[in-house]
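The values are calculated or read from the model by the stated rules, or taken from the named source; none is laboratory data. The model shown is predicted, which means the values in this text are computed figures rather than measured ones. Please note: Cβ atoms are built from the backbone with ideal geometry, for glycine as well, and neighbour counts cover all protein chains shown.
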Amino acid sequence: MKLCRTLQISGLEQGPEPCRNQGFLLEARMISIMEGRVFMSEKKKCCSRLLIFVSLLFLLACLPQNALHTKAAVKLSRTKLVLTEKQKLRLRVYGLPKGVSLVWKSSRPSVATVSRGTVTARRRGNAVISVNVLKNGKRLARRVCKLRVAEAPVVVASLGVSGEESEHIAEVGFTVIGKRSALLTNKIVLQTPGQSWQNLYLLDVDKINSSNGNQLGWLKGKTIPPYNNNDRNIVVAYYARKDYRPFRVTSSSKAVFYFYYDGIRYKASAKDLDSAVDPRPCKLIRLTPLSPA
């Protein structure tokens, strides 16, 4: 029995009827094959990316002491520094791995020099002190310290002595030898044997004189210009208690005072130097930290 017959309809001859599902199945199969290739291609890409990522992690884990960690561990003892002329200070490097060498350098040797970490201030100005950490000729890290060199002042001060009588006002004469002015603060501490320490404050003499002595006035500070051979600038400042009670000033008294010079705060003391032929400079104690806040 034949599945397909040859029929004649209206005089036309028709051949065997094709199977309708063959073309559809072939097309579906081709689409499936193409999708499979695309899927396999994407799968290969994902595997390659994963393999690269795992390899990088393995390399980072196998690096000796990880270079990034070593670089971050290196620290300089100071990153900012203020010195006065002829002052020395040693910088230290922490967190160094084994087998490294240090190379120090100053950006301006005329301002400051550095040798094996010891910085020597030469003249007023700014400079950058740097240190390179080398291993096998390659730089592992570089650290810098910003340096400012300030001018060192010379200050002469003389505390006035009025004998053993009780007084209400202490007189201090100031002379500054340098290129810049000094800013005197408004308080001194008077130290007299047999008497408690007295806090004395800077009087506004102009205000007192203008009121004919009927009204007290106080200053917040006083500028002392640099000494000039022609002008011979000697600034006299007057101090008293806030309650204006009397105190004693003798030849053994000493006044401790504070002032600023070239951005640095100092502490000094004045004694009875009026009788000296050649007054000696005050001994200065620097109060501003080496590394400013």
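Considering only the range 149-158, I want to know if a residue exists there that is touching a Leu at 6+ places or on another chain (Cβ under 6 Å) and modelled with pLDDT under 95. Walk me through it before giving the result.
Keep residues of the range 149-158 that are touching a Leu at 6+ places or on another chain (Cβ under 6 Å), which gives 149, 158.
Those left that are additionally modelled with pLDDT under 95: 158.
Yes; the residues of the range 149-158 include at least one that is touching a Leu at 6+ places or on another chain (Cβ under 6 Å) and modelled with pLDDT under 95.
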Q) Out of all the residues in the range 235-260, which are in contact with a Lys or Arg (Cβ under 9 Å, 6 or more places away or on another chain), closer than 19 Å to Ser181 by Cα and of a type in the set (Phe, Trp, Tyr)? A) Phe257, Tyr258, Phe259
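Here is a yes/no grid of residues against (1) closer than 30 Å to Val236 by Cβ; (2) within 29 Å of the chain's Cα centre (by Cα); (3) not polar (S, T, N, Q):
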site	(1), (2), (3)
Ser130	no, yes, no
Val133	no, yes, yes
Gly137	no, no, yes
Ala141	no, yes, yes
Val144	no, yes, yes
Ala170	yes, no, yes
Phe174	yes, no, yes
Leu183	yes, yes, yes
Leu190	yes, no, yes
Q: State whether one or more residues within the range 209-223 are free of Cβ contacts under 8 Å to residues at least 60 places away in the same chain, assigned to a loop (DSSP other than H, G, I, E, B) and touching a helix residue (DSSP H, G or I) at 6+ places or on another chain (Cβ under 6 Å).
A: yes
Q) If you go through the range 92-120 one residue at a time, how many are within 18 Å of the chain's Cα centre (by Cα) and aliphatic (A, V, I, L, M)? A) 3
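Name the single residue, out of those in the range 162-208 being among the hydroxyl-bearing types (Ser, Thr, Tyr) and not in a strand (DSSP E or B), that is nearest to Ser252 (Cα to Cα).
In this case the residue turns out to be Thr192.
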